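Engineer: I am attaching a structure below and will ask some questions about it afterwards.
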Amino acid sequence: MVKRAGSGLLLVALYLTQAGNDSCSGDLLSDSGFDLWCGDELCSWRVEKGDVRQAPTWHKGDLGVEMVGDEVVISQLTDDADTPCVLFDLVADIEPGVSVDLEMDLYDDGEVDFTERLPIASWDSLSYEVRMPERFDGIRFRLRKSGSGKAVLAQIRARREDTCGGDRLAQPIGPLGAGCWSTGEQASPNGELCDSGICAPTVAIPWAVVCSECAEDADCGDGVCGIETRVRSFLTPYRTCVAAASRGLGELCAGDGECQTGVCCGGRCADCCAADERACADGSTCATGDAPIPDRCGGDREGGQACLDDADCASASCRGEGPLKVCQADGRLCDEDPDCPPDGTHDEGEFGTCGDIGVTRGICD
């Protein structure tokens, strides 16, 4: 559904009187409203194709983005999931002969799930209300221009809405790591929502049921049905076949067989498990870890034993495959903060914190 006001001066009134918009909803874009530019670069929108430049608008305090060239694409990815409705607003100055399309790509998988052609406009405020499918994870918003004329966009904003009219978008089939729990009277894991055809609990992430490659060890031949933890921030670590005893201390796990130590405690490979009273083999005290640190036994480990850091080893040397970096939010593997789902540690909440907790699959010298 699209709504249009004849002048940018009516934008505030449009926000306040939008039909179906009975309550204030959260912004989905990290630079909503007037904050498109950080110096000479777009703050959060990514230029996928063509070029852009700053452009004056009807408001002296608002620099818009002019899409320069015959083919220009800008996009922004949000981690939003399962919101009922999206309200997308912007102010546009689009000349005749120019096409500008708004697109939404759910799961950021390259398949366009919603597209709408923006009309010819002269600093008009435009509003698009979209009823979303029951299940999705992540939205890439794209604005795509074609044609040699002028197109300037400003005050680009997308918000969550609790209710809206119209038909739902078609339910997309989820990739690995996408949520797949059906709702309603027949709530249950639903493999029909998955590309893989398998919907399974992750075990490592409480209550998460996601598209997976396996559901149990029997699906994996000589391996075990473990956890794939290096996934995109808007997806969830999912079940996959891995070699037995292939995960080191501190890595997420689904079962004991996945861990070098033979102990999976609270979804993490550990030395011991205080929660179910599995003691340390060497008789030392099982120290309860504060996630993402696992439960651990004492130091002074001999050469060849699993370790998380140098303090675990009698030799004071724990060697492995490099730093073990995990997300504070859920323990998934990461390289930098944007790899992590939001955890409240950043002002705008657009991503979380990736921290170094030790050595990956370490072994004492």
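The values are calculated or read from the model by the stated rules, or taken from the named source; none is laboratory data. Everything numeric in this text was worked out from a predicted model, so none of it was measured. Here the Cβ is made from the backbone with ideal geometry for all residues, glycine too, and neighbour counts use every protein chain on show.
Engineer: Buried (at least 21 other Cβ atoms within 10 Å of the Cβ), modelled with pLDDT under 95 and not aromatic (Phe, Trp, Tyr), is that true of Ala254? Steps first, answer last, please.
Structural biologist: Values: buried (at least 21 other Cβ atoms within 10 Å of the Cβ): yes; modelled with pLDDT under 95: yes; not aromatic (Phe, Trp, Tyr): yes.
In short, yes.
Engineer: Confirm whether Pro175 is touching a strand residue (DSSP E or B) at 6+ places or on another chain (Cβ under 8 Å), in contact (Cβ under 8 Å) with a residue 60 or more places away in the chain and on the phi < 0 side of the Ramachandran plot. Give the derivation first.
Structural biologist: Details: touching a strand residue (DSSP E or B) at 6+ places or on another chain (Cβ under 8 Å): yes; in contact (Cβ under 8 Å) with a residue 60 or more places away in the chain: yes; on the phi < 0 side of the Ramachandran plot: yes.
So Pro175 fits the description; yes.
Engineer: How many residues are more than 20 Å from the chain's Cα centre (by Cα), of a type outside the set (S, T, N, Q) and at negative phi if we restrict to the range 89-109?
Structural biologist: The number of residues fulfilling the criteria is 12.
Engineer: Would you mind finding the one in Arg268, Arg332 that is surrounded by 21 or more Cβ atoms within 10 Å (Cβ to Cβ) and within 20 Å of the chain's Cα centre (by Cα)? Let's see the steps before the verdict.
Structural biologist: Working: Arg268 fails: within 20 Å of the chain's Cα centre (by Cα).
On inspection, the qualifying residue turns out to be Arg332.
Engineer: Search the range 231-268 for residues being out of contact with any helix residue (DSSP H, G or I) (no Cβ under 8 Å at 6 or more places or on another chain) and of a type in the set (Gly, Ala, Ser), and hand back the single one that is farthest from Cys340 (Cα to Cα).
Structural biologist: Applying the filter and picking the extreme gives Ala243.
Engineer: Related question: Criterion first (within 12 Å of Tyr238 (Cα to Cα) and buried (at least 19 other Cβ atoms within 10 Å of the Cβ)) does Pro175 satisfy it? Working first, answer last.
Structural biologist: Numbers: within 12 Å of Tyr238 (Cα to Cα): yes; buried (at least 19 other Cβ atoms within 10 Å of the Cβ): yes.
So Pro175 fits the description; yes.
Engineer: Among what's in the range 179-228 and is of a type in the set (S, T, N, Q) and under 18 Å from Glu134 (Cα atoms), pick the residue that is modelled with the highest pLDDT. Break it down into steps so the answer makes sense when it comes.
Structural biologist: At the first step, the residues of the range 179-228 found to be of a type in the set (S, T, N, Q) are 182-183, 186, 188, 190, 196, 202, 212.
Now restrict to residues that are under 18 Å from Glu134 (Cα atoms): 182-183, 186, 188, 190.
Working: Ser182: 74, Thr183: 68, Gln186: 57, Ser188: 78, Asn190: 88.
Across the range 179-228, the extreme among qualifying residues is Asn190.
Engineer: Here's something else I'd like to know. What number goes with the only condition from (1) assigned by TED's automatic domain parsing to the domain that holds Thr229; (2) surrounded by 19 or more Cβ atoms within 10 Å (Cβ to Cβ) that Gly197 does not pass?
Structural biologist: Failed condition: (2).
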